[in-house]
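Reviewing the structure listed below.
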Amino acid sequence: MVVANHRNAQLIINQKHLYHNIKMATERLNAGTELFMVVKADGYGHGAVQVAQVAIKAGASGFCVAVLDEALELRAAGIVDYPILVLGLTDPADAAVAAENNISLTVSSAQWLTQVAVMFNDLAEIKPLSVHFGLDTGMGRIGFQNKMELTQALTTLQANANYFNFDGIFTHFSTADSADDAYFQYQLTNFKNLMTVVNPQPKYVHVANSATSLWHDYTGSNMVRYGISGYGYNPSGREIEQLPYSLEPAMSLETQISYCKQVTAGKSIGYGATYTTTQPEWIGTVPIGYADGIPRNLQGFYVLIDGQKCEIVGRVCMDQFMIKLPHELPVGTKVTVMGQSGDKMISADDIAEYTGTISYEILCGFSQRLPRKYI
Ligand SMILES: *Cc1c(COP(=O)(O)O)cnc(C)c1O
């Protein structure tokens, strides 16, 4: 998709805020524990390479991504001296590319290791592939579920020691952001139980996402996979209010009124004619829409102009939406869709709450058509 540079709309990424959030997290780490910044999905929409560069300054010692291409993007941008872990599963056919680029892959079955070993056996020259074993302790997504599967994979690994470097083992919590920690404790117990068959342990043992790092004891592990809170958001939304340090949202979305008109009473606005004026009203048009990642069902929510709320009227279109203005305003008037305006602030949590989702989906949903501007 092209970047719309000839339109007055941009995501503004505040690097000081990114730095603050990541720095606070690195300062709180237990001794001997490292922070890997999670920059999957283009750094939750903030720009993976730019976020990674700030994270390095703030003390991150590695990165996590979801897919191999995201790791290659960081390597191509010159981030070559830091470990990168691909958290999702990778096709065995792509393992050689990972090995060549010194990228660690996640392992979830012994069969995958065998497939990679067979392929590596056919290659003249190959660097060992660094691997992290995933343990499914209750997330139900990927990873070894029991000691038998895990032991079998460890045996396969040892039998192919020349092809693999056993670099890490980890699990992922599904409720670390919940006020009720019963299921977290259940997963932690499963993890400890599975770990009894892992001897010797690899360099990295890791269990903590942002929520775990903020609210739980993760003693026994030595790396944190820090994602959403680096971008300035509370992983629980509003469920757990106490935070050990302030989180500063790094992303704002600013645009301008592209058209302004007065309509008479009884006129409808937008697709489906879902809004009808009850009196003469000033209506502003904003030049971004759901193709930019503005949720289509944001009708009834608001944007900010000069610290004042302006209601979104009518359905959000693909490339534009309409707002109700207090009075006539010139084309070019600044519109804050997300971020601070005067003494008011719209966060990704506010938008998420209104649309029935979480901040993560709002942030990574902003499309590549919106330019990212770094301040
Ligand atoms: C995305 C992801 C994270 C980061 O989670 P946050 O809640 O954003 O901190 C950590 N670990 C795994 C396995 C993930 O998929």
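Residues whose amide H comes within less than 5 Å of that of Thr90, counting only those at least five positions distant or on another chain, are Thr106 (H built at 1.01 Å from N in the peptide plane).
Please work out whether the stretch 293-375 counts as rounded, prolate or oblate from its C-alpha gyration tensor, where a ≥ b ≥ c are the square roots of the eigenvalues and a/c under 1.5 means rounded, while otherwise a/b larger than b/c means prolate and anything else oblate?
Verdict is rounded for the stretch 293-375.
When the inverse distances between all different Cα atoms of the stretch 1-103 are averaged and flipped, the Kirkwood radius reads 14.7 angstrom.
Could you check what % of the DSSP bridge pairs in the chain are antiparallel, to the nearest 5? Antiparallel bridges: around 50 percent, rounded to the nearest 5. Take the Cα radius of gyration of the stretch 15-231 and divide it by 2.2 N^0.38 Å, N being the number of residues; the result is 0.99. Taking Cα atoms only, the orientation of helix 182-195 departs from the longest principal axis of the chain by about 30 degrees. How far is helix 110-121 tilted, in degrees, relative to the longest principal axis of the Cα atoms in the chain, given as a value from 0 to 90 rounded to the nearest 10? Here the helix axis deviates by roughly 80 degrees.
With a threshold of 26 Å on the Cα-Cα distance, the over-threshold entries among Lys16/Lys40; Lys16/Lys334; Lys23/Lys373; Lys40/Lys147 are Lys40/Lys147. Note on the stretch 1-79: with neighbouring protein chains present and a 1.4 Å probe, carbon and sulfur make up 52 percent of its accessible heavy-atom surface. Solvent exposure of the stretch 251-346 amounts to 45 Å² per residue of accessible area, where only protein heavy atoms count and the probe is 1.4 Å. Measuring with a 1.4 angstrom probe and ignoring ligands and nucleic acids, Lys23 comes out at about 60 Å² accessible. Taking θ as phi - 60° and the Karplus parameters 6.51, -1.76 and 1.60, the scalar couplings of the stretch 51-59 work out to 5, 4, 5, 5, 4, 4, 4, 8, x Hz in sequence order, x denoting glycine and proline.
If you wrap the tightest convex hull around every Cα atom of the stretch 251-346 and split its volume per residue, you get 83 Å³. In terms of packing, defined here as the mean over residues of other Cβ atoms within 10 angstrom, the peptides 272-282, 153-163, 201-211, 354-364 line up highest first as 201-211, 354-364, 153-163, 272-282. Peptides 228-238, 72-82 ranked from most to least packed by the mean count of surrounding Cβ atoms within 10 Å: 228-238, 72-82. Within the shell of other residues whose beta carbon sits under 12 angstrom from the beta carbon of Phe120, the net charge comes to -2, with Lys and Arg scored +1 and Asp and Glu -1. When only Cα pairs below 8 angstrom with a gap of at least 6 residues are kept, the chain shows a relative contact order of 19 percent. Within the chain, the proportion of Cα pairs with more than 35 Å between them is 35 percent. Taking 0.36 nm per residue of separation and subtracting the current Cα-Cα distance, fully stretching the chain between Gln185 and Thr114 would add 22.2 nm. Derived scalar couplings between HN and Hα for the stretch 288-305 equal 10, x, 5, 6, 8, x, 6, x, 5, 8, 8, 3, x, 7, 9, 10, 10, 10 Hz in order, rounded to whole Hz, by the Karplus curve 6.51 cos²θ - 1.76 cosθ + 1.60 (θ = phi - 60°), x for Gly and Pro.
Would you grab the residues whose amide H sits under 5 Å from the one on Phe133? Only those 5+ places off in sequence or on another chain, please, with H modelled 1.01 Å from N. When sequence neighbours closer than 5 places are left aside, the close amide H contacts are Val107, Gly168, Ile169, Phe170. Each part reduced to its alpha carbon centroid, the stretch 136-167 and the stretch 6-38 end up 32 Å apart.
All other residues whose Cβ lies under 9 angstrom from that of Gly237 are scored, Lys and Arg at +1 and Asp and Glu at -1, for a net of -3.
Axis of helix 15-27 versus longest Cα principal axis of the chain: the two differ by about 40°, to the nearest ten degrees. Summarising the amide proton neighbourhood of Cys64: residues at separation of 5 or more, or on other chains, whose placed amide H is nearer than 5 Å comprise Met37, Val38, Val39, Leu85. Taking the Cβ of Asp94 as the center, what net charge do the other residues with Cβ under 11 Å away carry, scoring Lys and Arg +1 and Asp and Glu -1? After counting each charged neighbour, the total is -3. Normalised by 2.2 N^0.38 Å, where N is the number of residues, the alpha-carbon radius of gyration of the stretch 147-219 equals 1.26.
Remark on the stretch 75-123: Rg and Dmax equal 11.5, 33 Å (Cα only).
The values are calculated or read from the model by the stated rules, or taken from the named source; none is laboratory data. Keep in mind that what you see is a predicted model, and the values were worked out from it rather than measured. Please note: Cβ atoms are built from the backbone with ideal geometry, for glycine as well, and neighbour counts cover all protein chains shown. These area figures cover heavy atoms from the full protein model, side chains too; ligands, DNA and RNA do not enter into them. Shrake-Rupley method; radii C 1.70, N 1.55, O 1.52, S 1.80 Å.
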